[in-house]
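Working notes, beginning with the structure itself.
Every number in this text was worked out from the coordinates using simple rules, so none of it is lab data. None of these values were measured; they are calculated from a predicted model. Please note: Cβ atoms are built from the backbone with ideal geometry, for glycine as well, and neighbour counts cover all protein chains shown.
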Amino acid sequence: MKIICIGRNYTEHIHELANERPTDPVVFMKPDSAILLKNFPFVIPTFSDDIHYEVEVLVKINKLGKHIETQFAHKYYNEIGLGIDFTARDIQAKCKEKGLPWEKAKAFDGSAVIGEFYPKSSFQDVNNIDFLMSKNGTIVQKGNSGEMLWKIDELISYVSQFFTLKIGDIIFTGTPAGVGKVSTGDELIGMINGKEAFKIGVK
Ligand code: ZN
């Protein structure tokens, strides 16, 4: 399986990192080795002094597809979840500066937290899903899928122009404002639709 991630999909997050508003979705990938194993803590890697959390709505693909039209995209997923796109912000800044690829900053081991998935039918409207993440009991990020610049179905259509989507692939749909640094001892809890989708310790 592969993990396809979308960057800069929420206006306020674009502003907080002083990025340009993209004309097309920003797309990058994580390999399956990036997945943080269930019930394991996130271990801060030695190569970075500035690991940020980014809470994101996840979409799990359940049907093989390529060149999917937006109007049919809803047929290609039936589960939605929540996860974290851990990012080595210091390394990413260097990559951006030099115009280099982001993999070292975004695709390292443990950088993909994949929480619980819930049936699409348990959400009234996929374009109106509330989610949040707390760090040590304080809410740090709060979003609604309706605030995405490109909605879930549009993202599926867009990325499927480039990559064949396979059963089990996961799309990280981008993060709202409020990203920040993690430190040893932190506890991150993600909630979607009022349910706890993940609880991660940081070591
Ligand atoms: Zn992200």
Each label sits 7 Å from Cα toward the beta-carbon; between ASP109 and ASP130 the label points are separated, in nm, by 3.9
In whole Hz, the Karplus estimates of ³J(HN,Hα) for region 150-156 (6.51, -1.76, 1.60; θ = phi - 60°; x where Gly or Pro) are 10, 6, 3, 5, 5, 5, 4
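So how do LYS66, LYS120 line up by other beta-carbon neighbours within 10 Å, fewest first?
LYS66, LYS120
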5 angstrom amide H check on TYR118, placed H, neighbours 5+ away:
ILE80, GLY81
Within a Cβ distance under 12 Å of VAL182, other residues only, what is the Lys/Arg minus Asp/Glu net charge?
-1
5 angstrom amide H check on ILE35, placed H, neighbours 5+ away
GLY110, ALA112
The answer for ASP169, listing residues at least 5 apart or on another chain whose modeled amide H is closer than 5 Å to its amide H, is LYS2, ILE61
Hey, what's the per residue convex hull volume over the C-alpha atoms of the chain, in cubic angstrom?
108
Starting with the fewest neighbours, write out ASP125, ASP85, ASP169 ranked by other beta-carbon atoms found within 10 Å of each beta-carbon.
ASP125, ASP169, ASP85
Would you list, by chain and number, the aspartates and glutamates whose Cα falls below 20 Å from the Cα of LYS203, excluding same-chain residues fewer than 8 positions away?
ASP49, ASP50, GLU54, ASP85, ASP90, ASP109, ASP186, GLU187
Whole-Hz couplings from phi, Karplus 6.51/-1.76/1.60, listed for region 131-139; x for Gly and Pro:
8, 7, 9, 10, 10, 6, x, 10, 5
